[in-house]
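Accompanying notes for the structure given below.
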Amino acid sequence: MELKIKKLSKQFKDKTAVDDVSLTLTPGIWGLLGANGAGKTTLMRMLAGILKPARGEIFYNGKDIHTMGEAYRDRLGYLPQEFGFFHDFTVKDYLEYVAALKDIPREETGDRIDHLLHTLTLREVKNKKIIKLSGGMKRRVGIAQAMLNDPEILIMDEPTAGLDPGERVRFRNLISEFSQERIVLISTHIVSDIEYIATQNAIMKSGKILAAGKTEQLVQLADGEVWSCLVPAEKMPLYEMQLRIINRRSEGNNRVAIRYLSEEKKISDSVTVPPSLEDLYLWLFPEENINEGGR
């Protein structure tokens, strides 16, 4: 099973959102990382068949997805950044409506909805109108509709937006289990949500794929760029102005442990430390707000 992207491009007026992207997605969880405006959403919408590329092709198991038509959509689950629903829909009504749109056999619909309501802890609100739910609950309804047809390809744009830490853990566990023999592509600005579950990642910047591969291979791009040291607490205001500090922790005795990004040692007793995927993200996207963890 493979989803092959070949020289894909898309423009909007004078802006190139996706620029000659080629990538082959295989079974497992793929993380799609990039700052706002990198082209991630445009790429995912083309993979979902919502947008037509200006140039290039997308193949699923050797067949062009646009010629496959309904046969491709039947294999696809898609969660956009914002999913629409009629304001009068309850959670259960909405999922039944989506099941009908996806031609899920009526005799299977009830069991599938019940399973997802249980898995995503939505049973208690199944008869509530979606419009009255919290942002996190609405997101979980969106995840449920994307998974309703048991898709072979699952594309999710910022699936954990609005979820609390416990819900994010449950989501990671659910997706890890679901991804067996399936292609799952997740775009997120919360790098920790995919760092430990993604089998591979693709890094996107200015419409192009900068690098793709397994996490342990990709993080080597930031090898030697992440430093750690102990500094006096009174010097922190100065270091905050001079350094890209990505983590700090009070160690007592007026000392602070810091972790910073730099091409060279900036503080004499600094030592290099192994980079994480989040370190790599922040290294590649220096314009991102470190205090917000990037987006």
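The numbers here are math on the coordinates, done by the rules we state, and not lab data. Values in this document were obtained by computation on a predicted structure and should not be read as measured data. Note that each Cβ is placed from the backbone with ideal geometry, even for glycine, and that neighbours are counted across all protein chains shown.
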Inset, instruction - Please state the charge dipole magnitude for the stretch 224-273, taken about the Cα centre, from unit charges on C-beta atoms (+1 on K and R, -1 on D and E), reported in debye and rounded to the nearest 20. - result: 120
Inset, instruction - Pull up the cross-link candidates among the lysines for LYS15, meaning alpha carbon to alpha carbon under 28 Å and not fewer than 8 places away within one chain. - result: LYS4, LYS6, LYS7, LYS40, LYS52, LYS205, LYS208
Legend entry - Calculated FRET value between ALA161 and TYR196, using beta carbons and R₀ = 30 Å, to 0.05: 0.95
Legend entry - Principal axis dimensions, largest first and in whole angstrom, of the chain by Cα: 68, 45, 36
Legend entry - Ratio of the Cα radius of gyration of the stretch 1-102 to 2.2 N^0.38 Å, where N counts its residues: 1.20
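For the stretch 1-123, give the magnitude of the charge dipole about the Cα centre (Cβ charges: +1 Lys/Arg, -1 Asp/Glu; no others), in debye to the nearest 20.
Values: 18 positive and 17 negative charges, 122 e Å.
Roughly 580 debye for the stretch 1-123.
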Inset, instruction - Could you give the size of the charge dipole of the stretch 3-220 about its Cα centre, using +1 on the Cβ of each K and R and -1 on the Cβ of each D and E, expressed in debye and rounded to the nearest 20? - result: 620
Inset, instruction - Could you state the angle between the C-alpha long axis of helix 135-147 and the longest principal axis of the C-alpha atoms of the chain, as a value from 0 to 90 degrees rounded to the nearest 10? - result: 60
Inset, instruction - Report, ordered by chain and residue number, the aspartates and glutamates lying within cross-link reach of LYS63, taken as a straight Cα distance under 16 Å and ignoring same-chain residues fewer than 8 apart. - result: GLU2, ASP74, GLU152
Legend entry - Pairwise label distance in nanometres, ASP223 with GLU108, each label 7 Å out on the Cα-Cβ vector: 4.6
Inset, instruction - Quickly estimate the mean residue ellipticity at 222 nm for the chain, helices only: each DSSP H run with n ≥ 4 gives -39500 (n - 2.57), and the total goes over all residues, rounded to 500. - result: -8500 deg cm²/dmol
Legend entry - Acute angle (nearest 10 degrees) that the helix 91-101 long axis makes with the longest principal axis of the chain, alpha-carbon atoms: 60
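Stretch GLU82-LYS205 to full length: gain in nm at 0.36 nm per residue minus the Cα-Cα span?
That pair, GLU82 and LYS205, stretches by 42.1 nm at full extension.
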Legend entry - Per-residue ³J(HN,Hα) for the stretch 118-123, Karplus 6.51 cos²θ - 1.76 cosθ + 1.60, θ = phi - 60°, Hz, x for Gly and Pro: 5, 4, 9, 6, 10, 4
